[in-house]
Amino acid sequence: MSLTAVLQIIWSLSALGLIVLVLLHSPKGDGLGGLGGQAQLFTSTKSAETTLNRVTWALTAIFMGMTVILSSNWLPK
């Protein structure tokens, strides 16, 4: 297995992780749930939100770094 293939696997896993983590984030606005009083039904704790933000930023950095490395042709063929 070549270095490029390993980096592509890491890149793909970070992309999937980012998709999942973004979907797990709580919405900033109440949206239509605020009309019926259901906005506070699924609240998360402050520490869980902070951890989720940190993991999301870390995966974003990994994804962007892998994107630059894979697209710049710095790796041997």
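None of the figures in this text is laboratory data; all of them are computed from the coordinates on show. Remember, predicted model here, so these are calculated numbers, not experimental data. When we count neighbours, we look across all protein chains shown, and the Cβ atoms used for this are built from the backbone with ideal geometry, even at glycine.
A few comments on the model shown:
- Distance from the C-alpha centroid of region 59-77 to that of region 1-28: 13 Å, rounded to the whole angstrom.
- Inter-label distance, nm, simple model (7 Å from Cα along the C-beta direction), GLN8/LYS46: 4.6 nm
- HN-Hα J in Hz across region 55-68 - Karplus 6.51, -1.76, 1.60, θ = phi - 60°, x for Gly and Pro: 5, 5, 5, 5, 5, 5, 5, 5, 4, 5, x, 5, 4, 5
- Fully extended contour minus Cα-Cα distance, from ALA15 to THR67, at 0.36 nm per residue: 17.7 nm
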